[in-house]
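The values are calculated or read from the model by the stated rules, or taken from the named source; none is laboratory data. As the structure is a computational prediction, the values presented were derived from the model and not from experiment. Neighbour counts run over all protein chains shown; Cβ positions are idealised from the backbone, glycine included. Ligands, DNA and RNA are stripped out before the accessible areas are found, and what is left, the full protein with its side chains, is counted by its heavy atoms. Shrake-Rupley method; radii C 1.70, N 1.55, O 1.52, S 1.80 Å.
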Amino acid sequence: MHVTWVNDSGGAFGGCERYIQETAALLAKRGVQSTLLHGVNDWFDPAQVTPFARSFPLVDLPRQVAEIRPDVIYLHRLRDREAVEALASAPSPTLRFVHDHSLTCLREHKFTGPRRRTCTDPVGLRCYPCLGPISRGPAGIQFRTLAGLERERRASQALAGHVVGSQYMAGELARHGFAEDRIHVHPLHVQLPELLNVERDPRRLLFVGQLVRGKGLDYLLEAMTKLRQPAKLRVIGRGRQEGELKAQVANLGLYDRVEFMPPTDREGLHREMSSCLALVFPSRAPETFGLVGLEALAAGTPVVASQVGGISEWLVDSSCGHLFPSGDVDSLAQCLEELLGDPDRARQMGEAGRARAAEFSPDAHADALLELLQRTSESGKRQ
């Protein structure tokens, strides 16, 4: 089988690109030949293309696909609506992995602008008062309209099918007009790493993620001021709100309790997860899956997370961590107090979390995805 992967980026920038690289390698072990067509406007990482037999920059997508003639096209992020429309009529069927809320939210973050609360509404006129059409992107301030988003959605709806990482995202697509029988739920995967022989700090909490409002670090900082137990927080990440969040730390008097660190490599991140009491995952934006939390469970570390998006599909409340209502500072503080006051309970949750993470194996994901790719290819040949 020959699969052509299409993505706007050819660099290892985030979860989408990491998924592409890791999953292409898994399929290669199953005899799948893969070609990558990637955008040329971002920094290119040669390591990103190592699992692929061939890779080419995106120049003329319809012509490139026609010449390659893969069995299936596996589309990921692609901003060019006309290119997506062309894939709907390409000789090879196209599956699209929906990684984010770009097709279901004008702001793409799925939380309200002024009040900063998780949004549970479908796209509509209510998006205008919440400043939904206005967002900040790589090119500066961007303005999106409902009509433009609808055109993007129709282009994607015409594809052969859509892959999502959670039942939550399947529901989001269905209520925005996507055919339910063409939505396929394939949870993301995590490789169980070896447990490190490192001592856990029973007073240290960890946050890993972009320093943007959607990740909810601001109200985690508020929760830190309510803790009766002595605790410190290590923050790993970069983002647009970094300066604002550091100023909040100063205003709250948390100088000696909060430490900011830049992103680290996988080995460094595994060590950080393995040596803290718990990972805190306070997103106000509904996570389409929330892989960083599953990675913490794989390291034997409990997770305290907001109950939004697909998080509750892998985090079992009171078993391998705690779920709390998004934005509820008091509930978050209470969950943290429980773990800080009972390190043995936290350790037991970590052990249960590692067992839970083992259920999301790379092999299971690759086998199920390969079966879907084969079915899609056969369906395309019959048409």
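Annotations
- Residue in region 308-326 that is nearest to Ser166 (Cα to Cα), counting only those that are open to solvent by 30 Å² or more (accessible area, probe 1.4 Å) and under 15 Å from the mean Cα position of the chain (by Cα): Glu313
- Candidates Leu339, Leu370: the one that is buried (at least 20 other Cβ atoms within 10 Å of the Cβ), over 20 Å from the mean Cα position of the chain (by Cα) and either in a helix (DSSP H, G or I) or among the small types (Gly, Ala, Ser) (or both) is Leu339.
- Leading residue by the ranking (surrounded by the most Cβ atoms within 10 Å (Cβ to Cβ)) among those in region 267-298 that are among the small types (Gly, Ala, Ser) and farther than 22 Å from Tyr19 by Cβ: Ala278
- Region 115-142, subset open to solvent by 100 Å² or more (accessible area, probe 1.4 Å) and farther than 20 Å from Arg284 by Cβ, residue modelled with the highest pLDDT: Leu125
- Against the test of being out of contact with any Cys (no Cβ under 8 Å at 6 or more places or on another chain) and without any contact (Cβ under 8 Å) to a residue 24 or more places away in the chain, the options Asp330, Asp363, Asp317 yield a single qualifying residue, Asp317.
- The condition of being in contact with a strand residue (DSSP E or B) (Cβ under 8 Å, 6 or more places away or on another chain), modelled with pLDDT of 90 or more, aromatic (Phe, Trp, Tyr) and under 22 Å from Glu152 (Cα atoms) holds for Tyr74.
- Just one of the listed residues (Ser34, Ser9, Ser55) is farther than 22 Å from Gly161 by Cβ and part of a strand (DSSP E or B), namely Ser55.
- Search result, residues across region 1-19 that are surrounded by 22 or more Cβ atoms within 10 Å (Cβ to Cβ) and under 15 Å from the mean Cα position of the chain (by Cα): Glu17
- Residue within region 77-96 that is touching a residue at least 24 places away in the same chain (Cβ under 8 Å), assigned to a strand (DSSP E or B) and among the basic types (Lys, Arg) present: yes
- For region 71-114, the candidate set comprises residues that are out of contact with any Leu (no Cβ under 8 Å at 6 or more places or on another chain) and among the hydroxyl-bearing types (Ser, Thr, Tyr); within that set, the residue that is most open to solvent (accessible area, probe 1.4 Å) is Ser89.
- Tabulated pairs, region 23-41, first within 18 Å of Gln374 (Cα to Cα), second open to solvent by 10 Å² or more (accessible area, probe 1.4 Å) and assigned to a strand (DSSP E or B), C-beta under 8 angstrom, 6+ apart or interchain: Val32/His2; Gln33/His2; Ser34/His2; Thr35/His2; Thr35/Arg54; Thr35/Ser55; Thr35/Phe56
- With respect to the conditions (1) more than 19 Å from Ala355 (Cα to Cα); (2) modelled with pLDDT of 95 or more; (3) hydroxyl-bearing (Ser, Thr, Tyr), Ser274 lacks only one, and its number is (1).
- Subset of region 242-266 [surrounded by 12 or more Cβ atoms within 10 Å (Cβ to Cβ), in a loop (DSSP other than H, G, I, E, B) and either among the basic types (Lys, Arg) or at pLDDT 95 or above (or both)]: Leu252, Leu254, Arg257
- Count of residues meeting criterion [out of contact with any Lys or Arg (no Cβ under 7 Å at 6 or more places or on another chain) and open to solvent by less than 30 Å² (accessible area, probe 1.4 Å)] in region 20-44: 11
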